[in-house]
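Please read the structure below before turning to the comments.
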Amino acid sequence: MNDSTREIVTAAVLVIGDEILSGRTKDKNIGHIADMFTASGIDLREVRIVPDVEAEIVAAVNALRTRYDYLFTTGGIGPTHDDITAESVAKALGVSIAVDPRARALLLTRIAEKDLNEARLRMARIPQGANLILNKISAAPGFQIGNVYVMAGIPSVMQAMLDEVLPTLRTGKKLESVTIDTGLREGDLGTPYGEIQKRHPDVIMGSYPFFNEKGFFTRLVLRARDEKKLSAAKGEVEAMVERLRAEKKIGA
């Protein structure tokens with residue numbers, strides 16, 4: 001498919017776990033997933049965090065999987081009683097769940113048969129009809145069913161699972177971006193920048209203030225899939241910045 005005609009592919013991430021909401025565990029997965037999706041041509045459109053509550057997980061899964069091309073979940077597929085993601089996803093999709101012989105065999109590559117107790121077997125419970133997502137860190141698999149991809153919460157394991165999955169996903173045309181350091185405050189350029197945005201609706205135009213030892217300044221980031229449209233907007237923004245800097249007698 002020609003790059004200029006490739007579709008936009010969207011995704012959401014559902015982070016599951018009381019420990020994230022309480023602050024005891026700091027999420028380290030969202031940023032990595034966002035980076036990998038952006039580099040692959042997938043638009044991450046939404047991130048939600050829900051507790052280890054079946055009704056909350058089911059509602060979020062059903063809302064997000066119907067809204068976006070892909071839904072990725074992290075967390076809640078370990079061996080303890082509060083790891084209820086697999087069961088909740090099965091309920092959301094209306095399928096049964098049981099110990100999967102493939103998943104059990106994977107666990108036995110790392111765990112002796114005598115140590116494969118009831119708790120550890122929870123990690124082999126897979127919804128009916130799901131494909132396994134392998135990981136080379138701990139062997140305990142995630143799974144994919146429909147457009148839902150269920151992954152571990154431990155960052156190294158999640159990353160290994162994502163590496164397995166990414167090559168199999170549909171991707172869209174990547175967003176190109178340019179960054180302009182203005183040397184101005186947001187209040188100096190907010191109005192004319194907004195007017196430029198109106199003239200270039202196909203360009204995503206962000207404004208990011210920051211502070212350093214010299215004071216408050218603003219960095220502008222423009223993103224688009226069409227390089228010509230991006231270039232046109234960039235030219236207008238650079239001219240606007242140059243004009244405002246001249247008015248304020250700010251040197252280059």
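Read-outs: derived from the displayed coordinates by stated rules, not from any lab. Not measured: the values here are computed from a predicted model. FYI the Cβ positions are ideal-geometry reconstructions off the backbone, even for glycines, and counts take in every protein chain you see.
Here are the numbers:
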read-out: Spatially proximal aspartates and glutamates relative to residue 249 (Cα-Cα < 18 Å; intrachain offsets below 8 disregarded); value: 181, 186, 188, 238
read-out: From the coordinates shown, Cα extents along the principal axes in Å corresponds to which of [x] 79, 41, 31; [y] 53, 45, 44; [z] 77, 45, 32; value: [z]
read-out: Angle between the chain longest axis and helix 54-67 axis [Cα atoms, degrees, rounded to 10]; value: 50 degrees
read-out: Greater than 19 Å apart at Cα, pairs in 173/229; 91/136; 174/198; 198/234; 174/228; value: 91/136; 174/198
read-out: The chain: calculated mean residue ellipticity at 222 nm from DSSP helix runs of at least 4, using -39500 (n - 2.57); value: -11500 deg cm²/dmol
read-out: Least to most buried among 32, 200, 81 (fewest other Cβ within 10 Å first); value: 81, 32, 200
